[in-house]
Structures are given as C-alpha cells and as structure tokens.
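Read the structure below first, then the notes.
The values are calculated or read from the model by the stated rules, or taken from the named source; none is laboratory data. From a predicted model like this one, the values you see are computed outputs, not experimental measurements. Positions of Cβ are backbone-derived with ideal geometry, glycine not excepted, and every protein chain shown enters the neighbour counts.
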Amino acid sequence: MKLSRHSCEFNKSEDDAEKTNLVRQASNFKHLKLKLFVMKGFEEEYKVMNYIRLVMERAVCLKRIELPAISPCKKCTAISPRFPVDEASKHRIREQLRYGLSSSADIIIG
C-alpha cells in the first residue's frame with residue numbers, strides 16, 4: 001500500500017480516490033495480505049504516528065514500513081520540510097511506533 005500526504009493538483013491522477021471524512025469506530029478487523037506500507041510525506045506528528053500504529057495493529061502480516069525522505073513540493077506547501085534526519089530521532093520514532101504493539105515489521109526511515 002502506498003500513501004502520500006500530498007494534495008497538490010499538479011500530482012493528481014484520474015485514479016486518485018476522493019477524500020471522504022468517515023467517522024466510525026474500527027472493529028476487530030485484521031488485514032491478512034498487506035505486507036508493505038509506504039508513506040510519502042511522513043512527519044512526526046500525532047495523527048500520522050497514530051495512523052501508522054493503526055496500520056501496524058491491523059495488518060498482521062506486515063513485514064516492512066517505509067517512510068522515505070522526499071523533497072517538499074516546489075509548487076505548493078502540501079508537504080512540510082520537517083523530517084527526522086539524525087539517527088537518534090529515527091530510533092526514537094521507531095520506538096514510539098512499536099510501543100505496546102507486537103508487530104515485527106521493519107521500519108525504514110529515510
């Protein structure tokens with residue numbers, strides 16, 4: 001699964017899903033096929049960290065999480081240049097994502 005936090009009109013394709021705001025409680029749903037999760041535009045903020053933790057909890061076969069470092073868009077301000085660059089920050093983020101979860105997925109940052 002690939003996810004981007006970028007909403008720039010220049011990067012839209014015809015296949016992009018329309019954004020909806022569904023408010024509902026998640027059931028005990030477990031995803032059995034998701035093995036790779038890639039999020040472009042990662043920032044260390046509560047809602048992003050919480051979302052990744054939810055994916056880790058639900059995707060029981062998850063093997064790898066990739067949070068690639070990408071340059072901010074020059075055409076808009078959709079992606080902030082904040083990204084963990086030093087190893088201590090990356091280690092802290094990995095620990096925060098794994099805290100209390102039994103996921104053994106590799107977390108690749110950068």
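Being in contact with a Lys or Arg (Cβ under 8 Å, 6 or more places away or on another chain) and at pLDDT 80 or above is the filter here, so list the residues in segment 35-55 that pass it. Write out each step before concluding.
Step one: filter segment 35-55 for residues in contact with a Lys or Arg (Cβ under 8 Å, 6 or more places away or on another chain), giving 35-44, 48.
Listed by number, the residues that qualify are 35, 36, 37, 38, 39, 40, 42, 43, 44, 48.
Consider residue 8 carefully, then state whether it is surrounded by 11 or more Cβ atoms within 10 Å (Cβ to Cβ), at pLDDT below 70 and on the phi < 0 side of the Ramachandran plot. It would help to see each step written out before you state the result.
Numbers: surrounded by 11 or more Cβ atoms within 10 Å (Cβ to Cβ): yes; at pLDDT below 70: yes; on the phi < 0 side of the Ramachandran plot: yes.
Taking the combined requirement at face value, the residue satisfies it.
Give the residue that is nearest to residue 103 (Cα to Cα), with candidates limited to residues of segment 56-88 that are at pLDDT 90 or above, loosely packed, with under 15 Cβ neighbours inside 10 Å and not basic (Lys, Arg).
This residue is 61.
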